[in-house]
Amino acid sequence: MRALSGLWRWRRNPLCRATDLAEARLALTALLLMALVAPLLGVLVGSAAQESLHRSAREQRLTRHQVTATVLRGPEHGPPADPESLTRDTRTRVLAGWTAPDGSAHQGTVLAQLKS
């Protein structure tokens, strides 16, 4: 704010150097850019990112179909799991087979929540 009050004070001051006035104008320009342009740029970038995420979600919704899968092979008992991960995710990787909406048979590793 010193630069703003200083700009008004130096308007007709005979002791004011040209560099002082240029510095005050530069400070005022920087202040206006930070106050006006930065929020506008943030809104534009944020709306572009939101539109991109919405487009991605629409594409995924159109290309994914829910199907019923059959577990072909249960979970393999490997090294002990991390105790912290057990509280967050109770799903297990299993080998499953399913029929796609076009009638083709598929199989692969999927995450499943197995009932005991």
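The values are calculated or read from the model by the stated rules, or taken from the named source; none is laboratory data. What you are looking at is a predicted structure, and each value in this text was computed from that prediction instead of being measured. FYI the Cβ positions are ideal-geometry reconstructions off the backbone, even for glycines, and counts take in every protein chain you see. Keep in mind that these areas ignore ligands, DNA and RNA; they rest on the heavy atoms of the full protein, side chains included. Shrake-Rupley method; radii C 1.70, N 1.55, O 1.52, S 1.80 Å.
Side notes on the structure shown:
- Residues satisfying the stated conditions in segment 36-46, i.e. open to solvent by 60 Å² or more (accessible area, probe 1.4 Å) and under 14 Å from the mean Cα position of the chain (by Cα): Val45
- From the list Arg17, Arg12, Arg25, Arg55, the one residue that fits, being open to solvent by 100 Å² or more (accessible area, probe 1.4 Å) and closer than 30 Å to Trp98 by Cα, is Arg55.
- Check on Leu33, open to solvent by 60 Å² or more (accessible area, probe 1.4 Å) and farther than 30 Å from Gly97 by Cα: yes
- The residue of segment 71-94 that is surrounded by the most Cβ atoms within 10 Å (Cβ to Cβ), among those that are over 32 Å from the mean Cα position of the chain (by Cα) and modelled with pLDDT of 85 or more, is Val71.
- Index of the failed condition, Gln50 passing every other in (1) open to solvent by less than 90 Å² (accessible area, probe 1.4 Å); (2) modelled with pLDDT of 90 or more; (3) among the polar types (S, T, N, Q): (1)
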